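Written below as structure tokens is the structure these notes are about.
The values are calculated or read from the model by the stated rules, or taken from the named source; none is laboratory data. Being a predicted model, the structure only gives us computed values, none of them experimental. Cβ coordinates were reconstructed from backbone atoms using ideal geometry, including for glycine residues, and neighbour counts include every protein chain displayed. These accessible areas exclude ligands, DNA and RNA; they are computed on the full protein's heavy atoms, side chains included. Shrake-Rupley method; radii C 1.70, N 1.55, O 1.52, S 1.80 Å.
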Amino acid sequence: MIRFLLPALLFSLTLISISGAQSPESYIVIERHSRKVLLASGSEYKRPIASLSHMVTAKVALDWAKASATSTTTMLVVPQHGFYSGAENPLGLQGGDQLSMRDALYATILGEDSVSAMTLADHVGSELLKRRQLTGDAQAIFVNEMNNLSRSLAMQQTRFYLPSSGGSGGRSNLSTASDLARLSLVLSTDTAYGFYAKQKQRSLKVLKRDGREVRIEVLNSNKLLRDKVKVVGLKVGSSPSAGQCASLLVDKYSYVKKLPSGEEQVTPVQMLFVVLGSSDAEAFAKRVIPQGWSQYEAWRNGGYLASPDRREFLKVVQNQ
């Protein structure tokens, strides 16, 4: 199991915030392969995270499907319970409607679809209870798995109460930019999640409880997928309490160096950018991403120097 650990001194001693000033947003910028932290501000502040919660919902569901050899073509039934006032429901789902697990994942990852997220949680949670020969609340069991995942990734400031982005009884899922960077490092190498997240749009099929088949086109809310900054994932979301939030995976061309042997040395480069509590996450990302690359270029041109204790990197510990 891989754990990502980030010493608190990292932020007080080595990080550079944009324009040299504290930002109202909480954010962190990392080069993915080296895990070098390039920029950060307020990245340890615990905040609501809107539908960035769905990254964990989808990850738990995908991991369960793989472990149980369950096809994503399996049809899920939208539960009769578990709906709270104001839940995001772009597919217009009602209790008793059906959609495939694959389409529920698309709706959960591409959009801010809380009802699809709860449908995934209800199905997976019910199956977990059945296989463990237990009774109880299916969604509560699923949320427990979400928290187990966050603990396994050393997301120590993260707490999930719901499988969806909304709040119930005033509760919201809480995390920090640095914790979500740990999660994003895992998702950046998860080919299953990445396949869903990079789709710009998808036609989804819902089988209504009265027997009608309805097709709905869902656009990816991550508009930067269609932008020249080369974003290829992972998730964006917003809510009144969380503001606009984003976890973005950004491509850059690889560096190629000719070696004396005639062979080529290829250094891949990719950025992880996480922001919470922004008033305009898209504009903020367009401003910060180039600054992150400038910091990377300066580090590269300086010979990839590192402090003796490497406190400016997210540290990775392998547990046998």
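With a requirement of 1 or more residues that are farther than 15 Å from Ser165 by Cβ, open to solvent by 10 Å² or more (accessible area, probe 1.4 Å) and of a type in the set (Gly, Ala, Ser), the helices (runs of 4 or more DSSP H) lying completely within the range 79-152 that satisfy it span 114-131, 138-152. Among the residues of the range 278-310, the ones that are over 15 Å from His33 (Cα atoms) and either open to solvent by less than 20 Å² (accessible area, probe 1.4 Å) or in contact with a His (Cβ under 8 Å, 6 or more places away or on another chain) (or both) come to 6 in all. Flag: Glu264 does not match the condition of being acidic (Asp, Glu) and within 25 Å of Ala50 (Cβ to Cβ).
Applying the condition of being open to solvent by 100 Å² or more (accessible area, probe 1.4 Å) and part of a strand (DSSP E or B) to the range 214-232 and asking which residue is nearest to Leu110 (Cα to Cα) yields Leu219.
Selection of the range 144-159 for residues being touching a Ser or Thr at 6+ places or on another chain (Cβ under 9 Å) and either modelled with pLDDT under 95 or not basic (Lys, Arg) (or both) yields Met146, Asn147, Ser150, Arg151, Met155, Gln156, Gln157, Thr158.
Condition first: more than 23 Å from the chain's Cα centre (by Cα) and in contact (Cβ under 8 Å) with a residue 60 or more places away in the chain. Now tell me which residues in the range 100-127 satisfy that.
Of the range 100-127, the ones more than 23 Å from the chain's Cα centre (by Cα) are 126-127.
Selection gives Glu127 alone.
Take the conditions (1) farther than 18 Å from Ala117 by Cα; (2) in a loop (DSSP other than H, G, I, E, B); (3) touching a Lys or Arg at 6+ places or on another chain (Cβ under 8 Å); Tyr161 misses just one of them, which is (1).
Residue under question is Leu272, and the condition is that it be in contact with a helix residue (DSSP H, G or I) (Cβ under 9 Å, 6 or more places away or on another chain) and on the phi < 0 side of the Ramachandran plot; does it hold? Judged against the criteria, Leu272 is a match. Among the residues that make up the range 248-270, is at least one of them under 30 Å from Gly92 (Cβ atoms) and open to solvent by less than 60 Å² (accessible area, probe 1.4 Å)? Scanning the range 248-270 turns up at least one residue that is under 30 Å from Gly92 (Cβ atoms) and open to solvent by less than 60 Å² (accessible area, probe 1.4 Å). For the range 213-245, filtered to residues that are modelled with pLDDT of 95 or more and charged (D, E, K, R), the residue that is nearest to Val269 (Cα to Cα) is Lys235.
Return yes or no: is Leu174 in contact with a Pro (Cβ under 8 Å, 6 or more places away or on another chain), within 22 Å of Leu110 (Cα to Cα) and open to solvent by 30 Å² or more (accessible area, probe 1.4 Å)? Criteria met by Leu174.
Filter the range 203-213 down to residues that are assigned to a strand (DSSP E or B) and touching a residue at least 40 places away in the same chain (Cβ under 8 Å) and give me whichever is nearest to the chain's Cα centre (by Cα). I'd like the intermediate steps shown before the answer.
Taking the range 203-213 as the starting set, the residues that turn out to be assigned to a strand (DSSP E or B) are 203-207, 213.
If we keep only those that are touching a residue at least 40 places away in the same chain (Cβ under 8 Å) too, we end up with 204-207.
Working: Leu204: 21, Lys205: 24, Val206: 25, Leu207: 28 Å.
Per the stated criteria, the residue is Leu204.
Of the residues Lys46, Lys59, Lys66, the single one that is among the basic types (Lys, Arg), at pLDDT 95 or above and either over 29 Å from Thr176 (Cα atoms) or open to solvent by less than 60 Å² (accessible area, probe 1.4 Å) (or both) is Lys59.
Select, from Val37, Val60, the only residue that is in a strand (DSSP E or B) and touching a helix residue (DSSP H, G or I) at 6+ places or on another chain (Cβ under 7 Å).
Val37
If you check Leu129, Leu76, Leu120 for being hydrophobic (A, V, I, L, M, F, W, C), modelled with pLDDT of 95 or more and over 27 Å from Val214 (Cα atoms), only one passes: Leu129.
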